[in-house]
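The values are calculated or read from the model by the stated rules, or taken from the named source; none is laboratory data. These numbers come from a predicted model, not from an experiment. Every residue, glycine as well, gets a Cβ built from its backbone with ideal geometry; the counts of neighbours run over all protein chains shown. Side chains are part of the model used for accessible areas, which takes the heavy atoms of the whole protein and leaves out ligands, DNA and RNA. Shrake-Rupley method; radii C 1.70, N 1.55, O 1.52, S 1.80 Å.
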Amino acid sequence: MSQSKSVLGKPGLLKRMHENRTGKTSQSKRYTRSKAGNTLYVTFLTAFGLFSILPLIYCIATSFKPLDELMIFPPSFFVKRPTFQNYLALPGLLSNLRVPLSRYIFNSFFVSAVTTFLYVFVSALAAFVLTKSPLKSRRGIFTVVQYALLFNTYTLAIPQYLIFSYMGIIDTYWAYILPHIATTMGVFLMKQYIEGSVPDAIMEAAKIDGANPYRIFAQIVVPMVKPCIMTLTLFGFRDVWSALPNGTIFDESLKTLPAVMTQINAGGIARSGSAMAVTVIMMIPPIIVYMVSQSNVIESMNSAGIK
Amino acid sequence: MIRSKGGARSGIEVSFRERIPYYVMLAPFLLFFVLFIVIPMAASVVLSFFEFDMVSLPVFTGFSNFFRMLFDDAIFVRTLKNTLILAVITGPAGFLLSFVLAWFLNEFKPIVRTVLSFMFYCPALIGNAYYIWQVAFSSDSYGYINSWLLSIGLITEPVQWLKDADYVMPIIIAVQLWMSMGVSFLANISGLQNVDSEMYEAGAIDGIRNRWQELWYITLPSMQHMLLFSAVMQIASSFSISQLPITLAGYPSVGNRVDTIVSYLADAGTVRYEMGYASAISVLLFLIMIVVRIVVGKLINKIGK
């Protein structure tokens with residue numbers, strides 16, 4: 001039960017650590033867990049994982065339940081006689097929408113893609129300046145950003161609404177995009193990541209080589225913070241994808257898929273199976289973004305060990 | 001501005017021309033941050049000294065909103081207490097859990113790691129996943145937990161879980177922790193890769209003897225920035241809990257057991273149209289959170305020392 005049994009990741013690193021310890025210090029035993037400890041550990045992780053994945057299983061199982069099974073007693077968590085009828089009913093339900101479904105789908109993907117891109121880009125630029133620039137005001141600005149994160153958003157809503165309407169962005173795509181760009185969490189996360197991963201020495205070296213700040217950002221900082229960019233892309237996408245604009249979008253042809261969900265949910269218990277089917281379909285894009293972004297994060301984790 | 005002359009000063013003093021690119025890069029964020037966050041925040045702070053019902057003009061009342069909430073509003077004091085209980089328990093526990101699980105995952109093969117982290121992140125990835133607990137704790141015999149306990153004979157009639165003053169707080173705490181593998185968890189996962197592998201090797205040579213020492217002397221100090229981030233996010237989320245208890249236990253909850261400050265201020269603003277009072281409450285909450293943030297920042301600086 002040592003590192004040679006490769007339950008442990010980071011093969012390159014651990015192999016080297018193993019060699020180090022067995023070869024030079026002969027302390028390899030102390031780094032590992034006992035067999036009982038290992039069993040406990042894996043059991044805990046699996047149990048926690050299964051517990052966490054409950055809502056996903058519940059949604060998927062419910063979306064395949066026939067109507068009578070949705071109301072039986074005692075309630076069953078899993079589906080007994082799976083059916084596609086909830087999914088097959090969707091085209092009929094969706095044909096009654098006020099604007100064609102394709103319009104909502106386009107809006108959702110368009111708004112999510114543009115907002116996520118701008119959010120990540122603008123946050124990364126600002127975080128770079130707040131971390132590595134010679135501006136004297138950067139510490140002060142960062143303090144304000146960080147504390148602003150703590151202010152409860154509820155009482156901000158009315159002044160924000162007044163500002164939106166003064167700018168004339170109510171009922172435009174900007175009402176989705178611009179408020180997200182101001183989200184302080186992205187700048188905070190990116191700034192902390194740059195602090196931990198981009199050494200000042202690299203900045204100095206680039207400056208001596210004559211690189212201007214734009215090039216330093218694009219060619220040195222961005223590649224180094226790729227895991228953080230990936231994670232932030234996921235956060236941005238997840239938030240925009242499920243956002244239901246609160247009183248800033250009235251034009252039906254500008255609404256996104258969450259608005260469709262609200263319309264189907266309004267159909268009551270008889271449609272609860274179909275509502276769950278829509279929920280399941282709506283989960284697919286965030287899950288894909290999750291898989292792509294996190295496999296990238298983990299990939300770069302491994303290459304970091306090789307360097 | 002004059003260009004810096006001496007070699008000693010270069011790198012500290014930078015000419016205005018050299019600073020322009022930095023201003024350009026900061027501008028887009030700063031513009032919208034000031035417009036959508038700083039100005040509304042300032043408006044909210046100003047409003048906390050007024051009485052404002054959203055119909056007639058605001059009337060300046062000095063500190064009376066603050067006096068009212070602290071000395072003349074038993075429900076506010078109750079919600080303050082609930083919020084502190086929730087924050088003191090779920091804040092640190094969520095922080096530890098999201099670090100410990102990220103750290104555990106770090107030693108698995110990439111594929112196992114991706115699958116497990118997906119499972120942990122699931123409640124946060126699926127928005128409003130907590131409503132599943134509403135179904136589970138439903139008070140009639142159709143609730144999963146009641147129907148299961150009835151079937152094995154532990155109870156003889158359905159328990160009103162979310163309407164029982166004794167059960168409701170522990171349930172809210174448990175569900176909040178269940179949802180806490182969110183932003184901080186993934187930030188920790190990405191932060192763990194910043195730890196330089198050579199540090200581990202150097203540590204092994206310098207006499208680090210077990211994984212706990214490795215954690216304390218190498219991993220944690222290398223992750224200090226990310227830990228501060230996840231601590232601040234935990235403060236922000238644990239002091240702002242409101243949607244979860246409102247969905248599960250309703251507002252007002254039984255005996256006001258799980259009504260939080262944020263639920264209360266939303267009620268004051270939306271139902272009672274007391275915007276000035278709601279603003280004052282959010283200003284007080286903000287001050288409490290700033291104090292906690294400063295204390296937590298000092299604690300995190302002690303890591304690895």
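Of all residues in the stretch A:142-160, how many are of a type in the set (Ser, Thr, Tyr) and either under 26 Å from residue A:131 (Cα atoms) or not in a helix (DSSP H, G or I) (or both)? It would help to see each step written out before you state the result.
The first filter runs over the stretch A:142-160 and keeps only residues of a type in the set (Ser, Thr, Tyr), leaving A:143, A:147, A:153-155.
After this cut, where a residue has to be either under 26 Å from residue A:131 (Cα atoms) or not in a helix (DSSP H, G or I) (or both) as well, the list is A:143, A:147, A:153.
Looking only at that region, the number is 3.
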Among (1) touching a helix residue (DSSP H, G or I) at 6+ places or on another chain (Cβ under 8 Å); (2) more than 9 Å from every other protein chain (Cβ to nearest Cβ); (3) at pLDDT 90 or above, which single condition is residue A:288 missing?
(1)
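Within 24 Å of residue A:144 (Cβ to Cβ), assigned to a helix (DSSP H, G or I) and at pLDDT below 90: is that true of residue A:201 in this structure? So that I can check it myself, show each step before the final result.
Details: within 24 Å of residue A:144 (Cβ to Cβ): no; assigned to a helix (DSSP H, G or I): yes; at pLDDT below 90: yes.
Criteria not met by residue A:201.
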So residue A:243 ticks every box in (1) away from every other protein chain (no Cβ under 11 Å); (2) among the small types (Gly, Ala, Ser); (3) within 30 Å of residue A:156 (Cα to Cα) but one. Which box is left unticked?
(1)
Given the condition touching a Pro at 6+ places or on another chain (Cβ under 7 Å) and open to solvent by less than 60 Å² (accessible area, probe 1.4 Å), answer yes or no: does some residue in the stretch B:54-63 qualify?
no
Using the structure shown, decide if residue B:154 is open to solvent by less than 30 Å² (accessible area, probe 1.4 Å), among the aliphatic types (A, V, I, L, M) and either farther than 30 Å from residue B:218 by Cβ or touching a residue at least 60 places away in the same chain (Cβ under 8 Å) (or both).
no
Would it be correct to say that residue A:231 is of a type in the set (Val, Ile, Thr), under 24 Å from residue A:257 (Cα atoms) and at pLDDT 90 or above?
yes
Taking the condition within 11 Å of another protein chain (Cβ to nearest Cβ), assigned to a helix (DSSP H, G or I), in contact (Cβ under 8 Å) with a residue 60 or more places away in the chain and surrounded by fewer than 19 Cβ atoms within 10 Å (Cβ to Cβ), does residue B:255 pass?
no
Only one of these conditions is not met by residue B:249: (1) within 11 Å of chain A (Cβ to nearest Cβ); (2) more than 30 Å from residue A:190 (Cβ to Cβ). Which number is it?
(1)
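Can you tell me which residues in the stretch B:118-147 are farther than 17 Å from residue A:51 by Cα and either out of contact with any helix residue (DSSP H, G or I) (no Cβ under 9 Å at 6 or more places or on another chain) or in a loop (DSSP other than H, G, I, E, B) (or both)? Can you show your working first?
First pass over the stretch B:118-147, keeping only residues farther than 17 Å from residue A:51 by Cα: B:138-143, B:146-147.
B:138, B:139, B:140, B:141, B:142, B:143, B:147, listed by residue number.
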Counting only residues in the stretch B:166-187 that are at the interface with chain A (Cβ under 10 Å from one of its Cβ atoms) and not in a helix (DSSP H, G or I), the one most open to solvent (accessible area, probe 1.4 Å) is identified as B:179
Contact list please: Cβ distance under 8 Å, first residue in the stretch A:172-198 and in the same structural domain as residue A:146 (by TED's automatic domain parsing) and at pLDDT 90 or above, second residue in a helix (DSSP H, G or I) and of a type in the set (Lys, Arg), pairs at least six apart or on different chains.
A:194/A:132
Would you point out which residue out of A:222, A:187 is open to solvent by 10 Å² or more (accessible area, probe 1.4 Å), assigned to a helix (DSSP H, G or I) and among the aliphatic types (A, V, I, L, M)?
A:222
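In the stretch B:21-78, which residues are over 30 Å from residue A:218 (Cα atoms), of a type in the set (A, V, I, L, M, F, W, C), at the interface with chain A (Cβ under 7 Å from one of its Cβ atoms) and in contact with a Phe, Trp or Tyr (Cβ under 9 Å, 6 or more places away or on another chain)?
Start the filter on the stretch B:21-78 by keeping residues that are over 30 Å from residue A:218 (Cα atoms), which leaves B:39-78.
With the extra rule that they be of a type in the set (A, V, I, L, M, F, W, C), the set shrinks to B:39, B:41-43, B:45-47, B:49-50, B:52, B:54-55, B:57, B:59-60, B:63, B:66-67, B:69-71, B:74-77.
So of that shortlist, the ones also at the interface with chain A (Cβ under 7 Å from one of its Cβ atoms) come out as B:39, B:41, B:43.
Scanning the stretch B:21-78 gives a single hit, B:41.
Yes/no matrix, rows are residues, columns are (1) surrounded by fewer than 21 Cβ atoms within 10 Å (Cβ to Cβ); (2) modelled with pLDDT under 80; (3) touching a strand residue (DSSP E or B) at 6+ places or on another chain (Cβ under 7 Å):
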{"position": "A:269", "(1), (2), (3)": "yes, yes, no"}
{"position": "A:273", "(1), (2), (3)": "no, no, no"}
{"position": "A:284", "(1), (2), (3)": "yes, no, no"}
{"position": "A:296", "(1), (2), (3)": "yes, no, no"}
{"position": "A:301", "(1), (2), (3)": "no, yes, no"}
